[in-house]
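*Asks:* The structure's right below; bear with me while I get my questions together.
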Amino acid sequence: MKKTAAIVPAYNEATRIGKVLEVLIKTKGLDEIIVIDDGSADDTFEEAKKFPVRCFRNEKNIGKAATMQRGVDLTSAECFFFCDADLRGLRPEIIEETIKPVASGRTDMFIAVRAHASHRYIKSVGLLSGERVLTRELWDMTPSFYKYRFRIEFGLNRFAEFYGKGFDYKVFENYYCTLKEVKYGFWKGFSRRMWMYFDILSAYLFFYLLHVPKTVKLFRRYIIGSFCSLLMFLMGTFFIFTATKKGYWLVIGFIRRELLEDPNASLSLFVLRHLRDFTINISVVLAIVFLVLGTGILLLNLLKIFWLRRLKA
């Protein structure tokens with residue numbers, strides 16, 4: 001089993017961090033516990049020193065992800081268990097079950113999803129949980145852009161999924177974090193929550209614009225190409241309809257009625273002048289052109305999608 005270190009970034013958590021550390025020191029599978037006080041204005045550092053853990057303090061507040069990076073730099077462990085300092089209901093069995101899949105080498109990351117309703121039923125939200133075990137390799141491959149405030153969880157998820165061995169997760173009952181609105185008051189907590197959402201959104205846009213794998217970009221391009229071919233099929237079907245006598249006069253009659261509402265408009269005069277040249281034979285030709293193009297583009301994109309899937313396999 002790989003050596004695992006617990007890293008606990010904490011900011012103004014003097015009244016809550018003790019309960020978290022009580023659980024950590026009882027947990028099997030943790031080789032060391034590192035607490036980093038991120039420039040707190042309360043007694044977080046003094047509270048942490050009451051426990052048999054390694055304690056450090058940032059001279060000023062540098063943010064969650066940067067504090068996590070400092071914790072990584074302070075240990076030689078091969079795996080890290082990142083843990084928020086404001087948890088309620090954390091139990092040793094949650095941590096042990098989270099550590100095992102990563103320490104055994106089965107996956108690059110395992111996430112302990114909290115029992116909040118939003119975390120339970122909205123997967124993308126639940127997977128941003130702060131409690132997770134991951135390998136040093138995954139941490140090192142994640143670019144520094146994501147190691148900033150609350151971008152980190154999204155960045156780790158995406159790089160594990162697309163560039164590593166993937167990740168797994170489990171929802172644990174009766175395990176929660178303290179809401180920001182409770183810790184800081186409603187308005188301050190709400191503003192901090194909005195900044196958190198902004199960080200997540202910026203990480204999302206940055207990843208899918210710059211860091212998404214080339215194969216994923218190509219796959220999406222071929223899906224869009226297949227959709228465009230379906231539009232061509234619809235156009236071809238429309239011209240097949242106009243190639244019938246009933247369909248032809250129905251469409252032509254509709255266009256004329258619409259245009260005659262403003263017959264003096266230059267566009268109306270242009271269309272009316274050329275509408276008499278539009279015959280059933282032209283409809284047949286256009287139908288064939290759109291159907292052939294649509295079929296060709298669809299087959300080409302399906303072949304490329306099949307090739308990408310075989311390449312990925």
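Coordinate-derived values only; no laboratory data. Note that the structure is predicted; figures quoted are calculated from it, not measured. Neighbour counts are summed over all protein chains in view; Cβ atoms, including those assigned to glycine, are modelled from backbone coordinates with ideal geometry.
*Asks:* ³J(HN,Hα) across region 9-20 via Karplus (A = 6.51, B = -1.76, C = 1.60, θ = phi - 60°), whole Hz, x for Gly/Pro?
*Replies:* For region 9-20, the Karplus-derived couplings read x, 9, 9, 6, 10, 4, 8, 10, 5, x, 5, 5 Hz, x marking Gly and Pro.
*Asks:* Pop the C-beta distance of ASN61 and PHE145 into the FRET formula with R0 = 25 Å and round what comes out to the nearest 0.05.
*Replies:* Result of the calculation: an efficiency of 0.80.
*Asks:* Subtracting the Cα-Cα distance from 0.36 nm times the residue separation, let me have the gained length for LEU293 to PHE238 in nm, one decimal.
*Replies:* Contour length minus the Cα-Cα distance gives 18.3 nm.
*Asks:* If you build the convex hull over the alpha carbons only and average its shadow over all orientations, what do you get for region 58-152? Give it in nm² to one decimal.
*Replies:* So the mean shadow area of the Cα hull is 6.9 nm².
*Asks:* Still on this structure, please answer the following. If the reach is capped at under 22 angstrom between alpha carbons, list the lysines near LYS304, excluding any in the same chain fewer than eight residues apart.
*Replies:* LYS214, LYS217, LYS312
*Asks:* Right, here's the next one. Let me check the size of region 1-96 from its C-alpha atoms; what are the radius of gyration and Dmax in Å?
*Replies:* My reading of the Cα-based Rg and Dmax gives 12.2, 38 Å.
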